[in-house]
Amino acid sequence: MALYNETVHELHEKLTKKEISSVELTNAVYDRIDEVEDQVKAYITLDKEGALKKAAQVDARIAAGEAIKPLTGVPGAIKDNISLKGMRLTCASKILENFQPIYDAHVIENLRKDDTVFLGKTNMDEFAMGSTTETSYFQSTSNPWDLSRVPGGSSGGSAAAIAAGEAIWSLGSDTGGSIRQPASFNGCVGIKPTYGRVSRYGCIAFASSLDQIGPIVRDVTDAAIVLNTICGVDAHDSTSANVPVPDFTKALKQDVKGMTIGLPKEFFGKGTDPKVAEQIKLTAKKFEELGAHVVEVSLPHTEYAVITYYIIAPAEASANLGRFDGVRYGYRNMQAQSAPEMMAATRTEGFGQEVRRRIMLGTYVLSSGYYDAYYNKAMQVRTLIRQDYQKAFEQCDLLLTPTSPVVAYPLDAKMDPLTIYMLDVTTIPVNMAGLPGISIPCGFIDHMPVGAQLIGKPLGEETLLRAAYTFEQATDFHKAVAPLGGKK
Amino acid sequence: MTEYITVIGLEVHAELKTKTKAFCSCSTEFGSEPNTHVCPVCLGMPGALPVMNKQMVEFALRFGLALNCDIQHYSKFDRKNYYYPDLAKAYQISQFYQPIALNGHVDITVDGKKKRIGITRIHMEEDAGKLVHSGATISTSDSSAVDYNRAGVPLIEIVSEPDMRSAAEARAYMEKLRSYLQYTEVCDGKMEEGSMRCDANISIMPEGAKEFGTRAEIKNLNSFKALERAIEYEVERQKEILEDGGHVVQETRTWDDAQGMTFSMRSKEEAHDYRYFPEPDLAPIIIDDAWIEKAKSELPELPDAKKERLMKEKGLDEYNAELIVADKKFAAYFDEAAAATDDAKGVANWMLGDVSAYLNANNVTIADFPISPKHLGEMVTLVKKGVLSSKLAKKVFAEMLKNDKAPVELVKELGLEQVSDAGAIQAMVDEVLAANPQSVADIKAGKDKAIGFLVGQVMKKSRGKANPGMVNQMIKKSILG
Amino acid sequence: MSITAKDVKHIATLSRLNVPADELDKFQEQFNQILNYAEILKKVDTTGIEPSPYVLPTSNVFREDVPQPGVTHEEAMKNAPEEHNGGFKVPRVIE
């Protein structure tokens, strides 16, 4: 297998054994990028020079006999809403087209300590608002399994880079499914940790009570490796959980015996592609074969999850995106004669349509006279949704659902916003309840990957990883390589 | 003509004396180059997050207790959304739904009458940055430059009930708040420097009316004088409108100190929809009884308690006691000076008289007063013992201003000791009586007026040092027996 | 509940956005579609249900009052569209 398609743990072993060097590996990945990036368009910014410089430093360390961490010298890609000093930070928006961040995100600080190699910044939906990566100001990314289809979103660039061999590991962010859904569309493993597991400091806020950073990688072991580096309390993020971080790789055991896995009936009916539902039922069956106990459960408030999310997330976003006003950084309209005009013109020209639509929707639901009917009501329903999950977890260790009700669909499908929003129903409630969720490859429909979502209890990443690992070791879906077929 | 009642409520912002900002570790130091005390958080850089300063909460809690508020066991922050170049995040982190303190009160005294002013709430929030305009004023400027050094400095906002009925009451309330802010050491209370700012809600209603009139909110009140003038102006403006049969519009107005007028700020009204919602980046604040008890035990003596104590223990009258305690450092000076003598009243008289006159004339505060409290107290004792006459005391005081030495020494150096030696005085009296037979005759004839002349003569002879009381008595005794 | 074109413009003003003329109808239609769908929330009985503003059950996350160096002036101004006398220059501010 080509180096660029191997996993972090395989490559770490090769680096340790000095079978390859980090420079060789990094060059191999850049060669692959040169080969396929025209078709995939996974990246917004690349930093070959910086990456090779770091790789050379790592090689010197290895040559000097120093011990290295699993991510040391292994090149990865970072979603372009995470602040990495030295690379421009765009959020796939015109408003930040030339923005140079002045600090590192907490996760980047942690990754730097591991001496990892940063390849570049990946494409995404503008400000993470979307589920196709088509709202990017710069470009649409293609799905490496079929270039005529979307890679999902909003972390579509990170997932497509993994599927296309353009990175060994990547980071995404997940507000309503933005890690898990593209992971499922691209046959990758993607995990959204428990809210608070990973510091949000330096991740450009979309919806502060929902956002969480996590890895998109090739297998469950790699997910555990990346989590080991990025998790942990951060003094710069008051919402980061002050709890010990276990060694997640220790959770990777092939054992689900005695585990109870719940199948929430609400995710297998109307709105879910029957073929997808079938794959998930087969996944459940596999878990049973492996020794788990599978039961049907109900999450009665699921039907309200999408609209609740599309009230809360835009409300928070309307405030979070207020700072992009042309005063301190970013794009500015230079013709306006007054500050208010400058701000309005800057924001109107700098933000794309989807972002403006969500800012305005969020402004509306918070505005005088509507707060109680929309925002506060949604926050109450959020409580009910959380309670649904709490109740389900009284009976179950994990829940199993489709990651997305559909497989990747064609680019430029021209769906109206509400129809697209409805497709987030499977992932959204997990963010609303702050729970950990992982998407793992579990089959194919017409050569397109299907993802199964496992949902865990708060801070239950270890159980999640163990179950995912057990399934992965018993199946071959994660080994399939995207053919870069079809045409854009 | 209809008589009107004025109704005033004040919203006071006080900058807390923390070392760092409310939500980041940048210094709150004043007067640095623009944008040098800044970081990703207070610059509103993408991805930065706030972290709460514990000292801010401690200060707000302390002040809430000082103003007799109910401290809330559960409080949290909200985002107040509006666009302005000095507001980096386009929202101010503030407490709207659940502030830290509710339902307090503070007592003021105006014209000898005591009045209780209700405190609706106290909440914490962050300050905005500063705009430096290219022209003289905002309206004559083509552009402005934003400095975020002040952005994120913690404030408390103290909202009063509409309990004040005159400009004098509003001023007394503000002075009382300043005094409490200084005593609790949460804010230095300097209105002119902006560390204490005030907005006034003003309305009027005809006497006997059951409901308040429509109020105007007046901003930009940067001094006690401005507060009083603005209220007086605004009351007259509203009276005129009502007399002409019009209606007062509920609006925000700004005080122009140079013109002595308030002006409507219509543009601010349009966007008056702050869309408050809970700040998801900060955890709530839970203050348990133990924390409250600890804060209570750490409260310093407050102005009203101190006033009572000075009246009871030091025998001051209420008026003087109120004046002494108003300023914390002034009161502390009094305490020290009074400790150096058994004549506390005498110290109070000197402090409210000559000492205050000196401070006013030189435009300095008690912190810069050249005489140490101990020496002032000792001087008061010398007067009380009769060692110094009050006239000579003024000389010593003047000398101490230049040279802060112990008054006993100065009296010696200047040769100013009062002569209370009966023999020495009798000798001078005898001399003066011998030299003024006509006056002696007048006195014998019952014309008492001449006694004053003779006393003056003796004092002159003693170069002011003779004890005037003894001189008086001895003259009478020598002539009348 | 139905949103008018005037409402859309008002929301835009609050959001410091302009609404390009060719987008007004579309935004209005999309908002109404989403808010009509939001009507299903009325079916949920939320009497006595506390809103969930926080995900984690934490409180009192504080920082000690100790100054730390921030960024340099140069870094602060690095992305400034316009600078004047060490400040971020903006066109005329209307009070």
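We did not get these values from a lab; they are worked out from the coordinates using the rules stated. If you're wondering where the values come from, they're calculated on a predicted model, not measured in any experiment. Ideal geometry is used to build each Cβ from the backbone, glycine not excepted, and the neighbour counts take in all protein chains shown.
Summary table
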quantity: Hits among aspartates and glutamates - C-alpha to C-alpha of B:K477 under 17 Å, sequence gap 8 or more where chains match; calculated: B:D421, B:D430, B:E431, B:D442, B:D448
quantity: Solvent-free Debye scattering, log10 I(q)/I(0), computed from the Cα coordinates of segment A:50-148 at q = 0.13 Å⁻¹; calculated: -0.55
quantity: Cα-Cα separations in chain C greater than 21 Å, expressed as whole percent; calculated: 70
quantity: Of every Cα-Cα pair in segment B:422-480, the percent that sits beyond 17 Å; calculated: 24
quantity: Gap separating the Cα centres of segment B:1-67 and segment B:300-338, nearest whole Å; calculated: 30
quantity: Inter-centroid distance (Cα atoms) of segment A:292-346 relative to segment A:226-250, Å; calculated: 26
quantity: Spin-label model distance (nm) - A:V233 vs B:R463, 7 Å beyond Cα toward Cβ; calculated: 7.7
quantity: Angle in degrees between helix B:328-339 and the longest Cα principal axis of chain B, rounded to the nearest 10; calculated: 30
quantity: Packing rank of B:466-478, B:86-98, A:148-160, where each peptide gets the mean count of other beta carbons within 10 Å, highest leading; calculated: A:148-160, B:86-98, B:466-478
quantity: Burial ordering of A:H447, B:H247, B:H133, fewest other beta-carbon atoms within 10 Å first; calculated: B:H247, A:H447, B:H133
quantity: Among C:P91, B:I451, A:G269 - extreme Cα towards positive end, dipole of the protein assembly as shown, charges at beta-carbon; calculated: B:I451
quantity: Shape of the protein assembly as shown, Cα gyration tensor, a/c cut at 1.5; calculated: prolate
quantity: Links that overshoot a 18 Å alpha carbon limit, given the list B:K114/B:K306; B:K444/B:K465; B:K17/B:K225; calculated: B:K444/B:K465; B:K17/B:K225
quantity: Unit charges at the beta carbon, dipole of segment B:301-414: most positive-side option, B:A305, B:A338, B:A398; calculated: B:A398
quantity: Which of B:R197, A:R200 has the fewest Cβ neighbours within 10 Å, and the rest in rising order; calculated: B:R197, A:R200
quantity: Contour excess over end-to-end distance, with Cα ends at B:N403 and B:E29 and 0.36 nm allotted per residue; calculated: 131.2 nm
quantity: Assigned charges on the beta-carbon of Lys, Arg, Asp, Glu; segment A:1-142 dipole about Cα centre (debye); calculated: 420
quantity: Kirkwood-Stokes translational diffusion coefficient of segment B:251-402, alpha-carbon pairs, 4 °C, 1.567 mPa s, µm²/s; calculated: 66
quantity: Footprinting exposure proxy for A:Y329, A:Y43 (fewest neighbouring C-beta atoms within 10 Å first); calculated: A:Y43, A:Y329
quantity: Debye, to nearest 20: dipole size of chain A, +1 on Lys, Arg Cβ, -1 on Asp, Glu Cβ; calculated: 520
quantity: Shape of segment B:1-98, Cα gyration tensor, a/c cut at 1.5; calculated: prolate
quantity: Dipole of chain B, positive direction: furthest Cα of B:W255, B:T18, B:V411, with charges on the beta-carbon; calculated: B:V411
quantity: Percent RCO, i.e. relative contact order, over segment B:107-203, from Cα pairs under 8 Å lying at least 6 residues apart; calculated: 26
quantity: Chain B: Cα Rg divided by the 2.2 N^0.38 Å rule of thumb; calculated: 1.30
quantity: Assigned charges on the beta-carbon of Lys, Arg, Asp, Glu; segment B:1-160 dipole about Cα centre (debye); calculated: 480
quantity: Rg(Cα) / (2.2 N^0.38 Å) computed for chain A, rounded to two decimals; calculated: 0.92
quantity: Residues B:A305 and A:Q353, FRET efficiency given R0 of 51 Å [Cβ-Cβ distance, rounded to 0.05]; calculated: 0.20
